[in-house]
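Chemist: Structure below; questions to follow.
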Amino acid sequence: MTLDAAEKALKQTGPHDFRDAITHLQVVDRADIPRMAKLGIVASTDPHWFDMGPDYFGMLAAVLGEERAEHQLPMKSFFDAGVVVTSASGYPVTDPAYPLIGMQKGILRQQGSGSGRTRNRHYRLRPGAYSECPRAWHHGGR
């Protein structure tokens, strides 16, 4: 629905010098990711949430279903599709909201403790993407 509105507005107004952004992209239909790139939508992500413990993931799987929970927070898919990605911390909900920890989680999908879920292909960035995550924190939204 959000992409439909952005697409309609772009058709009515034509190209412009600003970018539309969508935040809190936890559960995304995979078919929408290429559309986001085509429309120039900025994906505003919060990698601090990538380090989910088993209790948190279990709660989400109970609500979303295992398949949707396993594919949430698809930062790698955004990069792969050419979506402009920016990152933030969500402070004060995310505390501490240290950017370097967010970058580490964005790359490894886990903090140094190794407690994060890493099974799904969306959960690890491809080689070469290690520079994309810090760039998202620095100036991804341009």
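Values in this text are rule-based calculations from the coordinates and carry no lab data. Treat the numbers as computed from the prediction; the structure is a model and nothing was measured. Every residue, glycine as well, gets a Cβ built from its backbone with ideal geometry; the counts of neighbours run over all protein chains shown.
Chemist: Positive end of the charge dipole of the stretch 32-99 (Lys, Arg +1 and Asp, Glu -1 on Cβ, about the Cα centre): tell me which of Phe79, Leu64, Leu39 has its Cα farthest that way.
Modeler: Leu39
Chemist: Reachable lysines from Lys8, Cα under 25 Å, same-chain residues fewer than 8 places away excluded?
Modeler: Straight-distance partners of Lys8: Lys38.
Chemist: To continue, here is another question. Using Cβ counts within 10 Å as a stand-in for footprinting exposure, how do Arg35, Arg19 rank, fewest first?
Modeler: Details: Arg35 16, Arg19 13.
With the fewest neighbours first, Arg35, Arg19 line up as Arg19, Arg35.
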